[in-house]
1. If amide hydrogens are placed 1.01 Å from N in the peptide plane, which non-local residues have theirs closer than 5 Å to the one on residue A:451?
2. How far apart are the residue B:502 label points across copies, placing each 7 Å from Cα toward Cβ, in nm, shortest first?
3. Per-residue ellipticity at 222 nm for chain B, helices alone: DSSP H runs ≥ 4 residues times -39500 (n - 2.57), over residue total, nearest 500 deg cm²/dmol?
4. How far, in nm to one decimal, is residue B:58 from itself in the other copies if the label point is set 7 angstrom along Cα toward Cβ? Shortest first, please.
5. Under a straight-distance cross-link criterion of Cα-Cα below 19 Å, which aspartates and glutamates are reachable from residue B:178, leaving out those fewer than 8 residues away in the same chain?
6. Can you compute the modelled spin-label distance between residue B:258 and residue A:30, with each label point 7 Å from Cα toward Cβ, in nm?
7. Taking a virtual spin label 7 Å from the Cα of residue A:110 along the C-beta vector, which residues in the stretch A:198-241 bring their backbone nitrogen under 14 Å of it?
8. From the phi angles alone, apply the Karplus equation (6.51, -1.76, 1.60; θ = phi - 60°) to the stretch A:146-154 and give each ³J(HN,Hα) in whole Hz, x where the residue is Gly or Pro.
Protein chains: 2
Amino acid sequence: MEWKNFDQLESYGKLESLEPVDIKTAMAGENGAKRVEEYRVPMSNGMVYSFAAKNVDDKVLEVLQELADEAALTEKYAELYNGAVINTGEKRLVLHQLTRGQLGEDVIADGVNKREFYVSQQSRAAEFANKVHAGEVVNEAGEKFTTAVQIGIGGSDLGPRALYLSLENWAKVNNTLKMEAKFISNVDPDDALAVLSSIDIAHTIFVLVSKSGTTLETLTNESFVKNAIKNAGLDPSKHMVAVTSETSPLAGNPDYLDSFYMDDYIGGRYSSTSAVGGVILSLAFGPDVYARILKGAADEDALAKNTDIRQNSAMLDALIGVYERNFLGYESTAVLPYSQGLSRFPAHLQQLDMESNGKSVNRFGEEVSYATGPVIFGEPGTNGQHSFYQLLHQGTTIVPLQFVGFKNNQMGNDIPIQDTTSQQKLSANVAAQIMAFACGKDDENPNKYFAGGRPSSIIVGEQLAPESLGALLAHFENKVMFQGFVWNLNSFDQEGVQLGKVLAKKVLAKDTDGALTAYSELLGIF
Amino acid sequence: MEWKNFDQLESYGKLESLEPVDIKTAMAGENGAKRVEEYRVPMSNGMVYSFAAKNVDDKVLEVLQELADEAALTEKYAELYNGAVINTGEKRLVLHQLTRGQLGEDVIADGVNKREFYVSQQSRAAEFANKVHAGEVVNEAGEKFTTAVQIGIGGSDLGPRALYLSLENWAKVNNTLKMEAKFISNVDPDDALAVLSSIDIAHTIFVLVSKSGTTLETLTNESFVKNAIKNAGLDPSKHMVAVTSETSPLAGNPDYLDSFYMDDYIGGRYSSTSAVGGVILSLAFGPDVYARILKGAADEDALAKNTDIRQNSAMLDALIGVYERNFLGYESTAVLPYSQGLSRFPAHLQQLDMESNGKSVNRFGEEVSYATGPVIFGEPGTNGQHSFYQLLHQGTTIVPLQFVGFKNNQMGNDIPIQDTTSQQKLSANVAAQIMAFACGKDDENPNKYFAGGRPSSIIVGEQLAPESLGALLAHFENKVMFQGFVWNLNSFDQEGVQLGKVLAKKVLAKDTDGALTAYSELLGIF
């Protein structure tokens, strides 16, 4: 497999010389309707990726297909899921897709079949969750646990939290919310204290998540929580399980009720479908619902093998994003889900994308001379419409938009008010926004003038449910992966988070000088 | 008063020709320590704005002072608080500072003294809250209300919600959480349904907030909620108050227990210190705590009158931001509070900043030829460190950083773990991050190389408490205002949100054609 820098590819030059598409013209009139009909890619589980309002036409798509072929994107994907050392910096395999399906050859590493390993951990988590729900694993007083609290940070927090919030209300109305879940992440003691003050510790099971077993924030919060458990006259080892790697100090440790394993081939931000998400989500929703999330993700992973960009939504989404970033000069991307359940999904995607592709060196450690990962931010619509959309519509900066919408709400019980339901109003708003951004509006009053030409895509699903949620998760994971391939990055390490850790340790050891001492004094640390 | 475009000012040219400061060099060694000592501005209520790690030196500061003087920033501020028509597009006064203090002359409008009007509404809200807390205003069964739910969107939601979350845990430990508050904003029916399913409607008072009384989402959610109240066999008019303008259909309407007023001179995103925030926060925390928030904001407003940038943190923060945006080419800014209580403060600032200054025409409606408001995003540290900080440290895009930290946590009860408390760890992390971003690190392994040179500022306070929170709120409001003055924008209208509303109405009326019809079909709206 050849790994070349993006600007060494022939298609790079072709993209550079393309005439940009004028969205405003393209989306007007019947031609616009035709684009909406044609410029869509089927996804799994009844979902569709629509890219009609992007700066592309058949000519651009042709070159993007050439880029996909020339950069051998699906072949690189195959290398990845077949067990090559894709994480070059840390010399690791990258196997998160294997947590939800077998896409290619058996991957044998550390002497085991990795798919079987991940499945076995899922089965163990399922068995454990079933025992908790059945009252077979109980507290010291023989009573059932009612609440599960995840202690983790970064990938051990954002993904599982986003998925939990995405399905919490769906689970309530579908009678499958087995336990309420909460999350402690920040080393700010107020985070743990607030969660602890909101739960009944005696009926709570804590899920401690740290791959290395050495994450400062997580171990600090573990001690914090154990202290609270002891203060309640209880035994911490009867209230906590660990999710970690088999080689960590937390593994098989009698301080925990049980331990569940992932390994070094699952990056934190890609770990929602491993035991990192599996234990808490199986406890919260039951193993069956969790399995449905995995199925949705597996379906989407399978579609990502398609070499035709018109049949591979993740790859096309990735390529359009690259075109916007490198040739149209757009520096950030907003993720705008029209579904309250997805309230924290943008925060997960922010980590997924910015931590994966926010890099300046290629997979060989050589500096690249083109822009890489964009800034990602977002909030649910319609809330954002009454907030930062002003800049998106009329600001001096163009921000590409990634909408997500569903035909049905999660909780049913919708009522018509002035002839339309809330769900119809919600969907009408996202349709309206896409067109307002694309086509703008002329006005004699320049204050009311909308230039248009602001690109967006939308993923539309039937309902935010376990399968569609899993599919959505995998779509974005695969999008980010494909973009990393184009930019020739290692999307699976995160060396940029290390320096801060080292310096924080110095401060805590009072081993500082210069401005670090001065800031420590300003902050009154000692 | 002369209002000129930024690029018509002499100081614009001077800024353009300045040699950029190399943060990496400037912040190294003892010079860095000296900068941290010297490059700080005192704020009110024991807070400090530190800008040592920004791309400035005495020469740059001198030109920024010239810009402040030439653009007459404090004089424009005085015009604003003395009642000039600063909101030129809508021909309105801009009086949110008057909700918390009298900064200059009496402002008489609509035949009344506006400061007196705002104070009278605060007194009415205080009186009402006291009656609710004392059990003088009760439900149909004569029982006390225990929960308050705000129904509003945009400025009627983000600011009050951010402030509530900022003080919820502080209030718990200080025994001043009078009622739990919740918020309904999104037209997605799942938002209202989730809140309704989590409360005891019989003991809940709803605060309906819409200045115009015509906001689609808010009126829809009102109907939704009223339906639920009726289904519970209760009388909606006994469970709801309105916050609106005196001319709205909601004013003095017998459908509500009471109504409280703001006016057209309070923009939504600047309305937290008006009745929009006052009613819900007085109910939640009691009027005394709310008054302390106002005091903190008033203190900061007074400091913003200072013509010396070294004594006016909001103005200096604004000017450095302008320098970064227009001359260093930085397109976005991250807001990173090291305090879990501020978890939704970045979302409020995102609206405040992007909706105010995300404009392409000046206050006279003429297109400007320079960049205006940046993209704003952020999450609390240390969480962000394990997420998107990778891009901030090693990405190809430089993002200026706005840190906020406190010396003490809110809930007390901190414990030493491995010799340091969680609060010390939290503060050590923010100190470490500032230095990591500023100075970077050389490394033979290019993957572990940090270029540094990434600018940040930090606001440090003693504790996140009502006064410091109010001060923080006003600091950013005034920063955004000063930036709007420099860019010669009208920061107080939001025409960019209108087009989407108009098109959404067309969809709901089935009055569509072209792509709008096609999207409506894709989304299954009818």
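1. Result for residue A:451 returns A:441.
2. 5.7
3. Here the helix-only value at 222 nm equals -13500 deg cm²/dmol.
4. From this label point to the equivalent ones elsewhere in the assembly: 6.7 nm.
5. Straight-line reach from residue B:178, under 19 Å: B:127, B:136, B:143, B:168, B:200, B:288, B:467.
6. Those two pseudo-labels are separated by 6.2 nm.
7. A:210-213
8. These are the phi-based 3J(HN,Hα) values: 10, 10, 10, 10, 8, 10, x, 9, x Hz.
Coordinate-derived values only; no laboratory data. Treat the numbers as computed from the prediction; the structure is a model and nothing was measured. Here Cβ is always computed from backbone atoms with ideal geometry, including for glycine, and neighbour counts include all displayed protein chains.
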